[in-house]
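The values are calculated or read from the model by the stated rules, or taken from the named source; none is laboratory data. Just so we're clear, the structure is a prediction, and the values are computed from it rather than from any experiment. Cβ atoms come from the backbone with ideal geometry, glycine included; neighbour counts cover every protein chain shown.
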Amino acid sequence: MNQEKSCVLVRVWEKLKALPKALMKKVLCICKMSKEIAQDDPRKVIHSLKVGLAISLVSLFYYYQPLYENFGLSAMWAVMTVVVVFEYTVGATLGKGLNRTMATLVAGALGVGAHYLASLSGETGEPILIGFFVFLQAAIASFIRFFPKVKTRYDYGMLIFILTFSLISVSGFRDDEVLKMAHKRLSTIFLGGSACVMISIFVCPVWAGEELHYSIALKLETLGDFLEG
């Protein structure tokens with residue numbers, strides 16, 4: 001029994017001794033991989049810096065006191081917009097930005113309308129109607145997402161539609177100033193999307209056509225190296 005315990009302790013000690021070397025090996029492997037990716041396509045490094053710049057800029061709405069007083073906690077929606085909208089190419093960023101903006105506008109208007117209709121039914125009927133409206137729009141929008149053309153081009157927009165309608169209509173049940181709340185969220189989302197588009201276009205832009213040419217050239221070069229080998 002004592003021998004088994006001592007053997008287990010020896011194994012554990014050996015693993016603990018080998019742990020720093022294993023961690024160092026992993027770190028070196030990650031550094032090597034990062035270097036290879038950066039050397040293979042420096043635009044990926046630039047894209048990462050652009051995303052950091054965009055998030056830093058829209059974060060000013062949260063850090064800068066006068067801006068925070070105007071937007072409040074809704075300023076975080078600008079940061080969320082940058083995180084989900086900013087893509088590698090200009091076209092993809094524009095597409096997601098337009099999808100998010102249009103879906104937010106339509107869902108915001110419908111959410112305010114649903115809140116107004118529900119408020120007419122009194123305190124008892126209001127939560128029931130709001131729950132029904134949320135269920136109805138979520139079910140219909142989720143079904144529309146299965147349409148092939150919608151799935152291809154507007155799937156992200158439908159997700160944002162469901163999210164925005166639900167948040168505005170449900171939040172409005174506890175907040176009487178639903179129009180003010182919706183305006184703040186729409187404004188911050190628009191500002192976050194605008195920051196993404198402007199930085200994507202004017203700071204080292206990557207166009208889809210250029211990316212296609214680069215990808216084809218890289219594949220041809222790889223194929224040439226393979227044939228030479």
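Please go through the range 117-149 and pick out each residue that is of a type in the set (A, V, I, L, M, F, W, C) and not in a helix (DSSP H, G or I).
Leu120, Phe146, Phe147
Under the condition of being farther than 14 Å from Val170 by Cα and in contact with a His (Cβ under 8 Å, 6 or more places away or on another chain), the residues counted in the range 91-132 number 0. Screening Glu123 against (1) modelled with pLDDT of 80 or more; (2) surrounded by fewer than 18 Cβ atoms within 10 Å (Cβ to Cβ) leaves a single unmet condition, (1).
Scanning the range 38-65 for residues that are surrounded by fewer than 16 Cβ atoms within 10 Å (Cβ to Cβ) and under 16 Å from Gly193 (Cα atoms) yields Gly52, Leu53, Ser56, Ser59, Leu60. Across the range 128-145, the qualifying residues are those that are among the aromatic types (Phe, Trp, Tyr) and more than 14 Å from Thr164 (Cα to Cα), and the one among them that is surrounded by the most Cβ atoms within 10 Å (Cβ to Cβ) is Phe132. When Glu87 is tested against (1) part of a helix (DSSP H, G or I); (2) of a type outside the set (Lys, Arg); (3) within 25 Å of the chain's Cα centre (by Cα), exactly one condition is not met: (1).
Given Thr101, Thr152, Thr93, which one is polar (S, T, N, Q), part of a helix (DSSP H, G or I) and surrounded by fewer than 18 Cβ atoms within 10 Å (Cβ to Cβ)? Every option except Thr152 fails the conditions. Of all residues in the range 122-148, those satisfying the criterion of being of a type in the set (Gly, Ala, Ser) and under 18 Å from Leu159 (Cβ atoms) are Ala138, Ala139, Ala141, Ser142.
Just to be sure before I move on: is Tyr88 touching a His at 6+ places or on another chain (Cβ under 8 Å) and aromatic (Phe, Trp, Tyr) in the structure I sent? It would help to see each step written out before you state the result.
On the way: touching a His at 6+ places or on another chain (Cβ under 8 Å): yes; aromatic (Phe, Trp, Tyr): yes.
Yes; evaluated as a whole, the condition is true for this residue.
Listed by first and then second residue, the pairs with beta-carbon distance under 9 Å, at least 6 apart or on different chains, first residue in the range 135-148 and more than 13 Å from Leu110 (Cα to Cα), second among the basic types (Lys, Arg) and surrounded by 12 or more Cβ atoms within 10 Å (Cβ to Cβ), are Arg145/Lys151.
Looking at this structure, is Ile162 assigned to a helix (DSSP H, G or I), surrounded by 13 or more Cβ atoms within 10 Å (Cβ to Cβ) and touching a Phe, Trp or Tyr at 6+ places or on another chain (Cβ under 8 Å)? Taking the combined requirement at face value, the residue does not satisfy it.
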